[in-house]
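Heads up: the structure comes next, in structure tokens.
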Amino acid sequence: MDDLGIIPMRATLDNKVRTARMIAPSGKSFTLDARPQQVIVLDRREFDKQIAHQAKVNGAEIRVRSSLREITKDGVKTSDGDIKCKIIVDARGVSSLIHKDRTGTLQSAQYEVYADWIDKEQVEVYLDQEKYPGFFAWIIPTRRDEAKVGVAGKGINPALVLEDFLKQKGNYSTVRKIFAPIWVKGPIKEFVTRNIVTVGDAAGQAKPTTAGGIYSSGLGGILAGNAISKFLESGKKEELQKYQKEWSEKFGKEFEQMLLARSLLERLDNKSINGLFESITPQVLEEISKEGSFDFHTVSVAKLLGVKGSVKAIQAILGNELRRLLS
């Protein structure tokens, strides 16, 4: 939040997370201490309103129920009239990518639910390559007896899968449903094309491992804004190109490692995942809890995958790629 220049208002902060529990297909689990990382759960609707207010205070004009119709040589045509501009920023999210490359998207569903089985201080992640291929199910507590519960995966009907998951958890009441594709293929090739600057999910700036992206996408927006401002002052196109260079310097290597970690994890079957969970030691969990990061976390993935004594089948499946990740 500090890096993004945002001081969250009280209404924006839902909850503070103390632990994260990972559950294997067999039911075997381990728990990580999240306190050293100071993890908070944000109310995204309030968070977005706060950012919109900051934008308005700084001179932005916000229009709702207004859609892009056409890009012209002078600017854009919208359902709300023509706008003249030198630069267009594409911040449409995953919808900007779907028609270009469907292989990078997964279908997801997330419900906001009330239930007495929710642990207010603990995030839960359920791995199962048969139910959630290529991804996982999650429970993120927002306050007492309330949580965001979701699933995503390749080739699944997320609504049916999520409702089956919730039934197995116990009694619950759903207060909100969200269905949306998520992007897990990493950054697009070009952030700047002619006079169009692409940011956030539209630029593939969400993490390939979890599809989270407030930090990486938020900084993308800041870097893009700075580059656009310098371009408008100088008229030099190279100022716009600095945006992608600076973002890549900060996130590029980590995103490459996340993509590698994703390709490795996708190739593990449930038997291998169960075997991996059996071999994780308290010492490894303590190391990850101390050193891990919610935004730069492939070190944690590598330690889990390379844990001493892990089943030989995993090492055989992952081979040289695991050694690359560990190095």
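The values are calculated or read from the model by the stated rules, or taken from the named source; none is laboratory data. What you see is a predicted model; the values in this text were computed from it and never measured. Virtual Cβ from ideal backbone geometry, glycine too; neighbours counted across all protein chains shown.
Things to note:
- Pairs meeting the criteria (first residue in region 30-42 and assigned to a strand (DSSP E or B), second residue among the acidic types (Asp, Glu) and at pLDDT below 85, beta carbons under 9 Å, at least 6 apart or on different chains) are Asp33/Glu286.
- Some residue of region 167-180 being assigned to a strand (DSSP E or B), closer than 19 Å to Val94 by Cα and modelled with pLDDT under 95: yes
- Members of region 19-41 found to be at pLDDT 90 or above and over 22 Å from Phe277 (Cβ atoms), listed by number: Val41
- Each residue in region 194-214 was checked for being modelled with pLDDT of 95 or more and either more than 30 Å from Ile87 (Cβ to Cβ) or loosely packed, with under 13 Cβ neighbours inside 10 Å (or both), and 0 of them qualify.
- Just one of the listed residues (Gly155, Gly134) is small (Gly, Ala, Ser) and surrounded by 15 or more Cβ atoms within 10 Å (Cβ to Cβ), and it is Gly134.
- Of all the listed residues (Ser96, Ser79, Ser67), the sole one being in contact with a strand residue (DSSP E or B) (Cβ under 9 Å, 6 or more places away or on another chain), of a type in the set (Ser, Thr, Tyr), in contact (Cβ under 8 Å) with a residue 40 or more places away in the chain and not assigned by TED's automatic domain parsing to the domain that holds Tyr126 is Ser96.
- Of residues in region 66-124 being part of a loop (DSSP other than H, G, I, E, B) and hydrophobic (A, V, I, L, M, F, W, C), the one nearest to Val192 (Cα to Cα): Ile87
- Qualifying residue in region 45-64 (condition: within 20 Å of Val149 (Cα to Cα) and surrounded by 15 or more Cβ atoms within 10 Å (Cβ to Cβ)): yes
- In region 268-297, of all residues being polar (S, T, N, Q) and farther than 13 Å from Asp33 by Cβ, the one that is modelled with the highest pLDDT corresponds to Asn270.
- Exclusive hit being in contact (Cβ under 8 Å) with a residue 40 or more places away in the chain and either under 27 Å from Leu276 (Cα atoms) or surrounded by fewer than 20 Cβ atoms within 10 Å (Cβ to Cβ) (or both), set Arg102, Arg143: Arg143
- For region 215-233, taking the residues that are free of Cβ contacts under 8 Å to residues at least 60 places away in the same chain and crowded, with 19+ Cβ neighbours inside 10 Å, the one that is nearest to the chain's Cα centre (by Cα) is identified as Ser217.
Let's see how each residue does on (1) at pLDDT 95 or above; (2) closer than 26 Å to Gly104 by Cα; (3) crowded, with 20+ Cβ neighbours inside 10 Å:
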position: Gly235; (1), (2), (3): no, no, no
position: Ser248; (1), (2), (3): yes, yes, no
position: Glu254; (1), (2), (3): no, yes, no
position: Arg262; (1), (2), (3): no, yes, yes
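- Cβ-Cβ under 6 Å pairs, at least 6 apart or on other chains, region 261-290 side part of a helix (DSSP H, G or I), far side aromatic (Phe, Trp, Tyr) and buried (at least 17 other Cβ atoms within 10 Å of the Cβ): Leu285/Phe30
- Checking Asp3, Asp14 one by one, the residue that is modelled with pLDDT under 90 and surrounded by 15 or more Cβ atoms within 10 Å (Cβ to Cβ) is Asp14 and no other.
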